[in-house]
Amino acid sequence: MLLIRCPYCEEERPELEFRNAGEAHVVRSSEMTATSDEDFEAFFFIRSNPKGIIYERWRHIHGCARFFNAVRDTVTDRFVMTYKAGEKKPARLPKVGK
Amino acid sequence: MTASYRIPGAGRFSHAKAASFTFDGQSYAGVEGDTLASALLANGVHLTGRSFKYHRPRGILSAGAEEPNALVQIVRDAARTTPNVRATVQELYDGLTAHSQNRWPSLSFDVGAVNDMASPFFSAGFYYKTFMWPKAAWKNLYEPKIRAAAGLGVAPDQPDPDHYSSRFAHCDVLVLGGGAAGLAAALAAAESGVRVVIADEQAELGGALRFESGARIEGQDGWSWAQGVVARLKTMPNVRVLSRTTAFGYYAQNFIGLTERVSDHLAAPGRDLPRERLWQVRAKKVVLATGSIERHMVFTDNDRPGVMLASAARTYLNHYGVAVGKNVGIFTANDSAYAAALDLKAAGIAIAAIVDLRDNPAGELVDRARAAGIEIHDGRAVVRTGGRLRVSSMTVQRRTGGGERTIAVDALLMSAGWTPSVHLFSQSRGKVVFNDEVKRFLPGTYAQDCVSVGACNGTDGLAASIDEAYAAGTKAAREARGGAAAGKSEKPAKPKVEASEGWSRGMVGAAPGAGPGTTVKAFVDFQNDVTAKDIRQAVHEGMRSIEHVKRFTTNGMATDQGKTSNMHGLAIAADELGKTIPEVGLTTFRAPYTPVTFGAIVNHARGPLFEPTRRTAIHPWAERNGAVFEDVGQWKRAWYFPQAGEDMHKAVDRECVTVRKSAGLFDASTLGKIEVVGPDAAKFMELLYTNPWEKLEPGRCRYGIMLREDGFIYDDGVVGRLSADRFHVTTTTGGAPRVMNHMEDYLQTEFPHLNVWLTSTTEQWAVIAVQGPKSREIIAPLVEGIDMADEAMPHMSVREGKICGVPTRLFRMSFSGERGFEVNVPADYGEAVWEALWVEGQKHGACAYGTETMHVLRAEKGYIIVGQDTDGTVTPNDAGLDWAVGKKKTDFVGIRGLTRPDLVAKGRKQLVGLRTKDPKIVLEEGAQIVADPKQPIPMKMIGHVTSSYWSENCGRSIALALLAGGRDRMGETLHVPMPDGVIEVEVSGTVFFDETGGRLNG
Amino acid sequence: MARAPVKKQAVVKTDGAERRPALAGQEASATGVSVTVLPPAERISLRGSEASRAALSKALGLTLPQTPKTSAAKGKRAALWLGPDEWLVIDEAGKDPLADCAKVSALHSAVGISHRNVAVAVAGPAAEATLNAGCPQDLSLAVFPVGACSRTVLGKAEIVLLRTAQDAFRVECWRSFSDYVFTFLQEAMRDAAA
């Protein structure tokens, strides 16, 4: 069971309180009806599946109930960092200890 | 019976506390503190099982968790019978009943042993090669036969009456292993005040000090020192000492799974005691002090009962006071077996000879053995053993060949060296490194915040281990505190080691006589009957990676997970491949370290705690009034209310007719309810539902449809606007949690600028649907402050007021097509208000009805149920609900999805009604529809039935279906092929009853 | 040894329809721990941004906490921080916090949930161990001190946990989960006492 730092609760909490919510930074167009078929496909269907660093959304559903973003390494399962919903994708990632 | 191999004055248990037990029906005497293995050995019993494949007689190999041979069935009663219990781990209790496994008719005469004679046919990969063809025979013929012949124990066929518990725990320092190193680490950490948990799989902590008679610490013998430390740790409030507890899995971020065997050692466990307790521990720091495991020697017929690990014999003597034989031979490749020989000799047991593979062994232990007059044959090997059900001799030959000499023995102890237990380290994703000098894999790169100390870290010698462990415990505690000063000023003194044992080296691989080119049975893996020859054969047949060799031969794949066999298997494969050991690689260790019961994993989650069973506030009334319930997700919902003599169909027919004739009461409390509050509530609703909401007046309701972004229907429900900034949203019963999640997702991440909040009120309100022409008359007398006249409260409106003196949100809405209301009251009042409505209802001949009638009534009206008439690929248009999509809206979730080419294409499946030509035939839900029943199979299926019922109100069957181009097929005759004939149906509209809808105000 | 749960009269009289709270009055105990279903209380789910916190605090008569995992209490009323803009307000004296918030013009959402939740008290030296049978959080005093509160899980149910004293907790769950939660706590209680 992973430990996940909730950026709203400001501490690490057990994974049982969380739910994964898919890839992060997939932006819904404010001009939805004007979206082309290709753009809609990219928005709704296409997801990256990297080996290594992934940006994803989690919800502290059985905690503060907030959605937030996380950077996780899919190889080590380790969380690199978490940050609040709406915040920009971090330009640089912190180094992770054990 | 006297236990003839128990040595008076030896061992640590009072011989006065007797515990009698039976093994295969024979009664024996043991003492409290024994394991089943030590008690059997005390009675001279070595033969405890038959091997898995060849059914060869097998005895007790070890004195611990690594035991591959002595697997027995422990029987408390018919439901409490546990297979594959290691006799070396099972503690004895008075009255224990054990049976041997995998033999028929008896342990000493086993018909299956014919497999041993036929062994040339049972070589590695035999099953894969032989039973490949014909394919079908594997499942029906070969597998059942093989499984029956190659059995382990028998699983009980009754439910497990024991209970199991669970505990989450957190600590600063978790010490795994309670030997000298673990205790020293725990002590160092504990004295600084941090939270410490120390776990050990044995009944008593102490580890190798159980047998190391040469250890002296702090002026005491090693074992006594260990018990003193344990006693001290137990008095400390910041320390938890867990004995009989196995750390079976090391997971991400220092999360460790442990099972504590709470009552398996008790003759009569109390009812409040769980059998096992699962511990899930999160530790800031982990100290691995898991010790090492002695390896056997791989030589011909090394599996006879009486052939065992040297340290095991020492343990049985020094800890349990049991001699494993009276004339004992020893075959070793390192010094540790000499210590065993010396201890046994001192206890008066004859040592026939020490056969040492090394030339000119030297050192203190060797000198002491010589001084004690023990014969030492150096540079030699045991090349064979004699005996059948018990070893009777060993045959010795020079390592380089030459003449043989046979020496009579009644037990043969072996030691090839010690394998550090890096299992948990490996599970933690740490990388091991091979040390060629000492031929062992040791912890290399760490992946988690842990440290290995003592024997598992390759540290030889007690003093060095304690030094290392003590320093590690101190450091872990300091780091866990974040560098803060220790809680206690007095720094504990590091335990002083005055005398110690220690050895290293040894050998891996096959001993002389079992080397390349030989066809002898020299066992590498006892439990899976894998020989040195099998490993070589795997290499000859093309296996190159140890992962392939392992799977081809099954080496290390039995329940003992190769604790004794992995290194030998690897060395033999490497030798055969002409590669070094690290080049061939070590297989990854995976959880669990030792088998874990399902009971421990499931723990509390069984019976009523398997899953929450949710009941409504009105449930007790339904129960008292004979309702039959159905499961809807976690909810229990009243399905129908049969009266005397009624079956389900009769009850439902009556309920359906009664609702339309008079009225019915229905418990709709399980519907999801979400209160949407804030100045932007309407804006939010506009975005989440297809319908327009801005202009919905307070006090009015609307049927809303929610889509996913792809344009498919996600949920539906009636929404009431209570005020400009407050909506009372209802969802489907099953959809409540996911709709809430879906709404929160959009609110928090896509539309965070909106000033609106969502609160689940599903359980705040009990909901009583009163449907039928008499519904208003039933409710009105109980209501205060609400004008229920049609003009004042038209269909699809909501009012707040009081009913029976308590607050209500009264909805006028209908899911039956009749005039209808839904009475929302705070949940604790639900049952009493229902009872009051019931009394009023009785005056008008109303009935209570359940979900089945609700379904029929809505189907008569063509109202859909999301998840039944839709399946995640249905658009509002498909469902005939285009009218609910706001045409002028510029955005809502799903608006773009609806215009995808496939969603606007012709020929999509659309919701239609089906009328069977024979009105008495009720279609099966899920049945497929075809245009031409005479076409060849596979037929072209053009749709399927989604809902189908007998409608007493219509006097015929009715059905809804999703049908390709359905709305263009009105009046067409189609066919539903079923196993016993083809059913003719006519396509119709979806409304079967009161097409004009006049009854909503009737 | 554990005692079987006691069933008490499950009725609260009001001037109108009879109130029948879930599991009313049930309790069970074992060595070092008791599990007691608490009487009904007034509750609201209160939502609002930082800008509204002062006005809402004033109306409620206590300072709504800003810090995660903390609560504030005044008399028989408590406000539990559940999220960055969310509080659970519990009034055990029967005073309706919904009415207090109705007077506030600052932006907020107050929704009555008095009947949605059922509260269970878990008390005694073994209370922490009882809860840790199903709650994965670290409940030691240093990490979860008196007054700490959190939405979390207990086995397969969601709960809100509040530490009311060194060895006492209040567990809130939704009404239909109360059966599960109470049964779970009883079983866990026996193990914690064992």
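The values are calculated or read from the model by the stated rules, or taken from the named source; none is laboratory data. Note that this is a predicted model, so its numbers are computed, not measured. Note that each Cβ is placed from the backbone with ideal geometry, even for glycine, and that neighbours are counted across all protein chains shown. Note: accessible area is taken over every heavy atom of the protein model, side chains too, but ligands, DNA and RNA are not part of it. Shrake-Rupley method; radii C 1.70, N 1.55, O 1.52, S 1.80 Å.
Brief remarks follow.
- One residue stands out among those in the range B:678-694 that are surrounded by fewer than 24 Cβ atoms within 10 Å (Cβ to Cβ) and out of contact with any helix residue (DSSP H, G or I) (no Cβ under 9 Å at 6 or more places or on another chain): the one that is nearest to the other protein chains (Cβ to nearest Cβ), which is B:P679.
- Helices (runs of 4 or more DSSP H) wholly inside the range B:546-635 containing at least 3 residues that are farther than 30 Å from B:T851 by Cβ and open to solvent by less than 10 Å² (accessible area, probe 1.4 Å): B:566-577
- Qualifying positions in the range B:175-189 - in a helix (DSSP H, G or I) and aliphatic (A, V, I, L, M): B:A180, B:A181, B:L183, B:A184, B:A185, B:A186, B:L187, B:A188, B:A189
- Qualifying residue in the range B:676-696 (condition: touching a strand residue (DSSP E or B) at 6+ places or on another chain (Cβ under 6 Å), touching a residue at least 40 places away in the same chain (Cβ under 8 Å) and of a type in the set (D, E, K, R)): no
- The strands (runs of 3 or more DSSP E) located wholly in the range B:1-91 that include 3 or more residues which are in contact with a helix residue (DSSP H, G or I) (Cβ under 8 Å, 6 or more places away or on another chain) and either among the charged types (D, E, K, R) or within 25 Å of B:A350 (Cβ to Cβ) (or both) occupy B:26-31.
- Residue within the range B:36-52 that is among the basic types (K, R) and closer than 21 Å to B:L317 by Cβ present: no
- Residue match in the range C:98-106 (condition: at pLDDT 95 or above, touching a strand residue (DSSP E or B) at 6+ places or on another chain (Cβ under 8 Å), within 11 Å of chain B (Cβ to nearest Cβ) and open to solvent by 20 Å² or more (accessible area, probe 1.4 Å)): yes
- Per the conditions (1) over 30 Å from B:I256 (Cα atoms); (2) in a loop (DSSP other than H, G, I, E, B); (3) at pLDDT 95 or above; (4) not hydroxyl-bearing (S, T, Y), the sole criterion not satisfied by C:G94 is (3).
- Test: residue in the range B:850-866 that is without any contact (Cβ under 8 Å) to a residue 40 or more places away in the chain, basic (K, R), within 24 Å of B:M796 (Cα to Cα) and surrounded by fewer than 24 Cβ atoms within 10 Å (Cβ to Cβ): no
- Residue match in the range B:899-910 (condition: in contact with a helix residue (DSSP H, G or I) (Cβ under 9 Å, 6 or more places away or on another chain) and part of a strand (DSSP E or B)): yes
- Taken over the range A:48-82, the criterion of being surrounded by fewer than 17 Cβ atoms within 10 Å (Cβ to Cβ) and of a type in the set (S, T, N, Q) is satisfied by A:S48, A:N49, A:T74, A:T76.
- Residues located in the range A:8-45, provided they are open to solvent by less than 40 Å² (accessible area, probe 1.4 Å), within 10 Å of chain C (Cβ to nearest Cβ) and of a type outside the set (D, E, K, R): A:Y8, A:C9, A:P14
- Leading residue by the ranking (nearest to the chain's Cα centre (by Cα)) among those in the range B:851-872 that are among the hydrophobic types (A, V, I, L, M, F, W, C) and under 16 Å from B:L911 (Cβ atoms): B:V866
- Comparison of C:E92, C:E42 shows that the only residue that is touching a residue at least 24 places away in the same chain (Cβ under 8 Å), within 21 Å of B:L722 (Cβ to Cβ) and either touching a Pro at 6+ places or on another chain (Cβ under 8 Å) or not assigned by TED's automatic domain parsing to the domain that holds C:D167 (or both) is C:E42.
- Residue, farthest from the other protein chains (Cβ to nearest Cβ), within the range B:723-744, restricted to residues that are open to solvent by 30 Å² or more (accessible area, probe 1.4 Å) and modelled with pLDDT of 95 or more: B:A724
- Residues of the range B:701-717 that turn out to be open to solvent by less than 20 Å² (accessible area, probe 1.4 Å) and more than 9 Å from every other protein chain (Cβ to nearest Cβ), as a count: 10
- Taking the range B:150-193 as the range and being out of contact with any Cys (no Cβ under 8 Å at 6 or more places or on another chain) and within 20 Å of A:L3 (Cβ to Cβ) as the test, the residues that pass are B:S166, B:R167, B:A169, B:H170, B:C171, B:D172, B:V173, B:L174, B:L176.
- Here is the figure for the range B:745-783: residues that are within 40 Å of the chain's Cα centre (by Cα), open to solvent by less than 40 Å² (accessible area, probe 1.4 Å) and within 14 Å of chain C (Cβ to nearest Cβ) total 13.
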